[in-house]
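The structure under discussion appears below in the form of structure tokens.
The values are calculated or read from the model by the stated rules, or taken from the named source; none is laboratory data. None of these values were measured; they are calculated from a predicted model. Every residue, glycine among them, receives a Cβ derived from its backbone with ideal geometry; neighbour counts consider all protein chains shown.
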Amino acid sequence: MVGILLGIVFGTLVSVGYLYDPAESTIRTSDSVDTLFQGLLTATITVVTLVLAVNQLVLSQELGAVKDQRKRMEGAMEFRKDVADVIQTPVSPSRPAQFLRALIDVSGQHAEELRNSIPNTANEELRREVEDITDSLIGNADQVSKGLDNARFGEFDVVSSALNFNYSWKIFAARRIHERYSDELDKTGTEALEQLIEALQLFGPAREHFKTLYFQWELINLSRRILVASILSLLVAGGMVIFFNDATYSVVIFDVKTLVVAVAAAATISLVPFLILLAYVMRIATVAKRTLSIGPFILRETEDVTEVEWNH
């Protein structure tokens with residue numbers, strides 16, 4: 001993403017510079033270069049200060065007394081035990097991708113069990129609604145499980161794959177079947193449906209937890225990248241202000257004057273910290289928008305589910 005933004009900025013500046021004939025003479029006869037890079041120097045220092053302040057604020061939430069840390073530990077262990085019971089394994093997976101995949105896979109298994117428990121002589125509406133949720137869940141589970149294969153935490157693939165599992169609609173549809181047709185389901189179907197709902201309800205907080213960890217992970221990486229990029233940005237911007245003289249610059253390559261290219265390149269390098277921040281904000285905003293709600297609240301349209309009406 002950052003590379004694409006860099007290419008767009010550099011390409012736009014160079015294109016405008018060469019398409020606008022008086023560009024070179026304007027640069028030579030005005031103080032636009034000094035004004036530009038002095039502003040970038042100030043802005044870079046401000047951005048670094050702001051990012052470091054936000055970073056410290058977020059990370060300070062991880063600090064606390066041993067009593068608080070123990071309470072967090074107990075909550076995490078209790079949740080892992082609940083998940084282990086649902087996926088029927090002594091110990092739940094330790095890696096986030098495997099943890100989420102286990103919940104998704106067991107949801108698909110329970111959905112298949114639910115469909116197999118419905119006889120051909122069952123209520124037509126019941127069969128249709130079970131078929132809808134089962135087809136949606138199994139297909140969605142297979143797709144997301146493949147996305148989680150070999151995914152490592154810290155990569156966007158883990159969060160991106162988890163976002164594609166629309167558990168909110170599935171909880172809504174499963175609970176509706178349970179409330180409307182519980183008397184028509186046999187013992188096997190009822191157990192499969194209840195286990196399906198339980199697995200889906202555990203997936204929600206698990207995804208939110210890993211999303212929070214991903215945000216913190218990315219914020220740390222953002223701080224490191226901006227600090228490194230800011231050093232180069234400050235050096236380039238400072239060098240342009242102190243040493244660069246556009247009036248005497250006369251480098252020509254293949255009979256092409258390069259003043260516009262030099263200024264565009266320096267400006268692009270000076271903007272690297274801002275482009276890194278922009279790419280981070282765009283990625284985080286995308287994830288946050290798609291996970292605003294936890295539980296059976298559907299805030300966005302999906303194409304792979306069937307609309308469910310409450311009217312009998």
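Table: residues versus (1) hydroxyl-bearing (S, T, Y); (2) touching a helix residue (DSSP H, G or I) at 6+ places or on another chain (Cβ under 6 Å).
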{"residue": "S15", "(1), (2)": "yes, no"}
{"residue": "Y20", "(1), (2)": "yes, no"}
{"residue": "L36", "(1), (2)": "no, no"}
{"residue": "L41", "(1), (2)": "no, yes"}
{"residue": "R70", "(1), (2)": "no, no"}
{"residue": "E78", "(1), (2)": "no, no"}
{"residue": "D82", "(1), (2)": "no, no"}
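Scan the stretch 85-115 residue by residue and report those that are without any contact (Cβ under 8 Å) to a residue 60 or more places away in the chain and closer than 20 Å to I171 by Cα. Let's see the steps before the verdict.
Taking the stretch 85-115 as the starting set, the residues that turn out to be without any contact (Cβ under 8 Å) to a residue 60 or more places away in the chain are 85, 88-95, 98, 101-102, 105, 108-109, 112, 115.
Matches in the stretch 85-115: D85, R101, A102, D105, G108, Q109, E112, R115.
Report yes if E218 is farther than 30 Å from T49 by Cβ and either among the small types (G, A, S) or surrounded by fewer than 20 Cβ atoms within 10 Å (Cβ to Cβ) (or both), otherwise no. Give the derivation first.
On the way: farther than 30 Å from T49 by Cβ: no; either among the small types (G, A, S) or surrounded by fewer than 20 Cβ atoms within 10 Å (Cβ to Cβ) (or both): yes.
Answer is no for this residue.
Being surrounded by fewer than 18 Cβ atoms within 10 Å (Cβ to Cβ) and either among the small types (G, A, S) or part of a helix (DSSP H, G or I) (or both) is the filter here; which residues of the stretch 116-135 pass it? Step through it out loud before you land on a result.
Of all residues in the stretch 116-135, those surrounded by fewer than 18 Cβ atoms within 10 Å (Cβ to Cβ) come to 116, 119-128, 131-132, 135.
Once the filter is applied, which keeps residues that are surrounded by fewer than 18 Cβ atoms within 10 Å (Cβ to Cβ) and either among the small types (G, A, S) or part of a helix (DSSP H, G or I) (or both), the stretch 116-135 yields N116, A122, E124, E125, L126, R127, R128, E131, D132, D135.
Filter the stretch 277-309 down to residues that are modelled with pLDDT of 55 or more and among the polar types (S, T, N, Q) and give me whichever is nearest to D246 (Cα to Cα).
Going through the qualifying residues, I end up with T286.
Would a scan of the stretch 258-276 turn up a residue that is closer than 26 Å to E24 by Cα, of a type outside the set (K, R) and modelled with pLDDT under 80?
Within the stretch 258-276, one or more residues are closer than 26 Å to E24 by Cα, of a type outside the set (K, R) and modelled with pLDDT under 80.
Out of curiosity, is I138 in contact with an Asp or Glu (Cβ under 9 Å, 6 or more places away or on another chain), crowded, with 21+ Cβ neighbours inside 10 Å, in a helix (DSSP H, G or I) and not charged (D, E, K, R)? Break it down stepwise before answering.
Values: in contact with an Asp or Glu (Cβ under 9 Å, 6 or more places away or on another chain): yes; crowded, with 21+ Cβ neighbours inside 10 Å: no; in a helix (DSSP H, G or I): yes; not charged (D, E, K, R): yes.
Spelling it out, it is not the case that I138 is in contact with an Asp or Glu (Cβ under 9 Å, 6 or more places away or on another chain), crowded, with 21+ Cβ neighbours inside 10 Å, in a helix (DSSP H, G or I) and not charged (D, E, K, R).
Could you check, for the stretch 49-62, whether at least one of its residues is surrounded by 11 or more Cβ atoms within 10 Å (Cβ to Cβ), of a type outside the set (V, I, T) and over 26 Å from N221 (Cα atoms)?
no
State whether one or more residues within the stretch 185-202 are in contact with a Pro (Cβ under 6 Å, 6 or more places away or on another chain), at pLDDT 85 or above and outside the structural domain of A267 (by TED's automatic domain parsing).
no
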